[in-house]
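What follows is a set of notes on a single structure, which appears directly below.
The values are calculated or read from the model by the stated rules, or taken from the named source; none is laboratory data. Computed from a predicted structure; not experimentally measured. Counting neighbours? That spans all protein chains shown, and the Cβs are built from the backbone with ideal geometry, glycine included.
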Amino acid sequence: MKVLVVGGGGREHALVRKLSQSPRVKQIFCAPGNAGIAADATCINIKAEDINGLLEFARKEQIDLTVVGPEAPLTEGIVDIFREAGLKIFGPTARAAAIEGSKVLSKEIMRKHGIPTARYSSFNEPAGAYEYIKEIGVPCVVKADGLAAGKGVIVAYDEETARAAVREIMENKAFGRAGEQIIIEEFLQGEEVSILAFTDGKTIVPMVPSQDHKQVFDGDQGPNTGGMGAYAPAPVCTPEIYQYSLENILKPTVEAMAKEGRPYQGVLYAGLMVTAEGPKVLEYNARFGDPETQPVLMLLETDLVEIIEAIIENRLEQLEIKWKNRAAVCVILASGGYPGSYEKGKIITGLDDVPEDVVVFHAGTARKDDQIVTSGGRVLGVAAESEDIAGAIEKAYAAVRKIGFEGMHYRKDIGRKAIS
């Protein structure tokens, strides 16, 4: 089997690594890939958003299965286009992926179908937004409607910050067209958990619950990023919370999407806040999360190709998905200045010194001459598994200390909540 993975970050490296473990996979291509992925797959210089270029390549190479990592090509309809061309592809259609592509749409679906989420209102002009900030009070959360690479969410603890967020998104166009509409919602108090689930549109199989660390600094301080690290399983997701989330959030969401004429097939990611009143949805993603995928897939025992084919063929209920009874932690190493502006091309040292039982997922890397250099905000994900979270944390950070590049920064508290 020939497989094409679309994307070039840490999530895609994790997907390539897992797919390469399948005895059915003969060759993997990744577009565009990165310096680390190049060790496990043939990297193709086609951007993830270049759907026509990807289609042409898949036809020419007679690709048997395409797996899509990032959200942009999904919301742009890559799945619809490949299917129309008779090619096998994994992910939701454009109409289904809109649950991530538009926060306004996702909130409207939740409200209509009684799925627990924060109180909110949406706006397409700033004046009404400023009024609502006074009404809802602070802290509150300001969100750009469209895709903003995980950075379009601002938690405002005072009115001035909330108003500045509206101004930045709607007037200064910080996220371009993604900010033409915004949502302002109540601030939910609690602890976050990410539950990713496989679904063929009927059967829903949740993965091991994980926890991302969105803010750039220790102790959940500073601006939001695409994610500074993750671990699984997340003990905040007790068996009771897991079951509640399955029955009251995941199942109703998939059913709602079918009723709305947006049948959902692929990976559904529910970002939840575990509040005193129970779990509530913060956001949906229409694909594997990044960096949650890195530790979660390390714990997956079942062949990922078997799961993907069962989903595409609407027979997920016939498959038993098995997980290791272990824990995994992934620490993100970021460029100096991230999530703001940062320099690229910094030489990365120490990769060869990392122990064999630790996996370094490449996110923003490139090869320059004979060296691996930085080429993105999130550069590497250092991931380790162990019998428990404490052991995985220790292994991951011991490996982190062996790696270096100019300006490198990372959080020192990934997974600590699981222990405390």
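Quick notes on this structure:
- Meets criteria (assigned to a helix (DSSP H, G or I), among the basic types (Lys, Arg), modelled with pLDDT of 95 or more and over 30 Å from Tyr242 (Cβ atoms)) for Arg177: no
- Residues that are more than 21 Å from Val208 (Cα to Cα) and either crowded, with 23+ Cβ neighbours inside 10 Å or free of Cβ contacts under 8 Å to residues at least 60 places away in the same chain (or both) do occur in the stretch 380-391, at least one of them.
- Within the stretch 108-158, restricting attention to residues that are among the small types (Gly, Ala, Ser) and over 19 Å from Glu168 (Cβ atoms), the residue that is surrounded by the most Cβ atoms within 10 Å (Cβ to Cβ) is Ala118.
- Remark: pairs (first residue in the stretch 218-232, of a type in the set (Lys, Arg); second residue buried (at least 24 other Cβ atoms within 10 Å of the Cβ); Cβ separation under 7 Å; 6+ apart in sequence or on different chains) are absent.
- Entirely in the stretch 120-160, the strands (runs of 3 or more DSSP E) that have 3 or more residues that are aliphatic (A, V, I, L, M) and closer than 26 Å to Val216 by Cβ: 140-144, 153-156
- Flag if Arg163 is farther than 20 Å from Gly271 by Cβ, of a type outside the set (A, V, I, L, M), more than 25 Å from the chain's Cα centre (by Cα) and assigned to a helix (DSSP H, G or I): yes
- Complete set of residues in the stretch 23-61 that are in contact with a helix residue (DSSP H, G or I) (Cβ under 9 Å, 6 or more places away or on another chain), assigned to a helix (DSSP H, G or I) and among the aliphatic types (A, V, I, L, M): Ile37, Ile51, Leu54, Leu55, Ala58
- Residue count for the stretch 250-282, restricted to those that are under 19 Å from Ser102 (Cα atoms) and assigned to a helix (DSSP H, G or I): 9
- Checking each residue in the stretch 1-18 for being closer than 26 Å to Met228 by Cα and crowded, with 24+ Cβ neighbours inside 10 Å picks out Val5, Val6, Gly7, Gly8, Gly9, Gly10, Arg11, Glu12, His13, Ala14, Leu15, Val16.
- Any pair with Cβ under 6 angstrom, 6 or more apart, that starts in the stretch 318-344 at a residue that is over 23 Å from Gly152 (Cβ atoms) and ends at one that is of a type in the set (Phe, Trp, Tyr) and crowded, with 18+ Cβ neighbours inside 10 Å: Val329/Tyr231; Val331/Tyr410; Leu333/Tyr410
- The strands (runs of 3 or more DSSP E) found wholly in the stretch 338-414 and carrying at least 2 residues that are of a type in the set (D, E, K, R) occupy 365-368, 378-386.
One line per residue, one yes/no per condition, for (1) under 22 Å from the mean Cα position of the chain (by Cα); (2) over 23 Å from Asp40 (Cβ atoms); (3) modelled with pLDDT under 95; (4) among the aromatic types (Phe, Trp, Tyr):
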site: Pro355; (1), (2), (3), (4): no, no, no, no
site: Ala366; (1), (2), (3), (4): yes, no, no, no
site: Asp369; (1), (2), (3), (4): no, no, yes, no
site: Ala398; (1), (2), (3), (4): no, yes, no, no
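- For the stretch 305-339, the set of residues classified as crowded, with 20+ Cβ neighbours inside 10 Å and closer than 28 Å to Tyr397 by Cα consists of Ala327, Ala328, Val329, Cys330, Val331, Ile332, Leu333, Ala334, Ser335, Tyr338, Pro339, listed by residue number.
- So Gly91, is it over 27 Å from Tyr120 (Cα atoms), of a type outside the set (Phe, Trp, Tyr) and surrounded by 20 or more Cβ atoms within 10 Å (Cβ to Cβ): yes
- Residues located in the stretch 256-296, provided they are more than 14 Å from the chain's Cα centre (by Cα) and on the phi > 0 side of the Ramachandran plot: Gly261, Gly278
- Options Ala232, Ala156: the member that is among the small types (Gly, Ala, Ser) and closer than 18 Å to Gly271 by Cβ: Ala232
- Test: Leu299 is on the phi < 0 side of the Ramachandran plot and surrounded by fewer than 20 Cβ atoms within 10 Å (Cβ to Cβ): yes
- Residues being hydrophobic (A, V, I, L, M, F, W, C) and in a strand (DSSP E or B) - total across the stretch 202-248: 6
- Among the residues listed as Asp158, Asp212, Asp145, Asp200, the single one being closer than 30 Å to Glu313 by Cβ and of a type outside the set (A, V, I, L, M, F, W, C): Asp200
- Picking from residues in the stretch 166-211 that are among the basic types (Lys, Arg) and over 22 Å from the mean Cα position of the chain (by Cα), the one that is surrounded by the fewest Cβ atoms within 10 Å (Cβ to Cβ) is Lys173.
- Test for Ala197: is it among the small types (Gly, Ala, Ser), outside any strand (DSSP E or B) and within 20 Å of Ile99 (Cα to Cα): no
- The residue list Pro223, Pro252, Pro263, Pro291 contains one member that is over 24 Å from Lys112 (Cα atoms) and surrounded by fewer than 21 Cβ atoms within 10 Å (Cβ to Cβ), which is Pro223.
- Qualifying residues in the stretch 23-64 (those that are over 13 Å from Val3 (Cβ atoms) and among the basic types (Lys, Arg)) - the one surrounded by the fewest Cβ atoms within 10 Å (Cβ to Cβ): Lys60
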